[in-house]
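Participant: Supplied in structure tokens, the structure appears directly below.
Every read-out reported here was derived from the displayed coordinates using simple, explicitly stated rules and does not represent laboratory data. If you're wondering where the values come from, they're calculated on a predicted model, not measured in any experiment. Here the Cβ positions follow ideal geometry from the backbone for every residue, glycine too, while neighbour counts run over all protein chains shown.
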Amino acid sequence: MDLIANPDSPHSNNSGGSSPNGSPRHLSASSSAAATGAGAASSASPPSLSRYESQKRRDWNTFGQYLRNHRPPLSLSQCSSAHVLEFLRYLDQFGKTKIHTHVCPFFGHPNPPSPCPCPLRQAWGSLDALIGRLRAAYEENGGKPESNPFGTRAIRLYLREVREVQSKARGISYEKKKRKKPQQNQHHPPPPPAAA
């Protein structure tokens, strides 16, 4: 499969100046002046998106490009969980997280003391967040929840497997932290003054 590098990849810092359909936004001077003259200046400049919404849009565009570059090209309606898994594995080549192999002396160490030749992969947390954004974007772009390829059991199992492998390889526990119970305000007498 031939893939073209995407400047809007999930790990790019490019915010992109495109509209949701991928075409750049241009306002002619006359339309801009007319909008300003009509007192509709707020409609000339779109509201800025939150960081989450911007990232979701970039992720959606990256996935769309992946489908277009697929051999043969795929439409969104043809996309299945198998294609999503293929996409996640493709993204590993852009990963920045060192995942130690079983034969590595640093297997299970969260902070290895020296470099090793183990591969770089996408971190589980990054993949989990990416799937959450793509799942939401699929439905926002007209997909039906019951046919959402990002919400299938196969994807959940894959993410669980990645989490388990990475926690063992990196020696990092992904257990949810328990919330501390708020302590009651207890009245303690002030400490006695120090003797001079």
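Participant: Could you tell me the calculated FRET efficiency between Glu164 and Ser114, based on Cβ-Cβ distance and R0 = 25 angstrom, to the nearest 0.05?
Facilitator: The calculated FRET efficiency here is 0.45.
Participant: A follow-up question, please. Using a basic spin-label model with each label point 7 Å from the Cα along Cα→Cβ, how many nm lie between Glu140 and Asp128?
Facilitator: If labels sit at Glu140 and Asp128, their model points lie 2.2 nm apart.
Participant: Can you give the three extents of the C-alpha atoms in region 49-170 along their principal axes, from longest to shortest, in whole Å?
Facilitator: Taking the Cα atoms of region 49-170, the three principal extents are 48, 33, 25 Å.
Participant: Could I have the simple spin-label model distance between Ala154 and Tyr90, label points 7 Å from Cα toward Cβ, reported in nm to one decimal?
Facilitator: About 1.5 nm separates the two model spin labels.
Participant: Sum up the lysine pairs in region 49-170 that clear both bars: alpha-carbon distance under 26 Å and a spacing of 8 or more or different chains.
Facilitator: Qualifying lysine pairs in region 49-170: 5.
Participant: Could you work out the relative contact order of region 49-170, using alpha carbon pairs under 8 angstrom and six or more residues apart, expressed as a whole percent?
Facilitator: So the answer I get is 32 percent.
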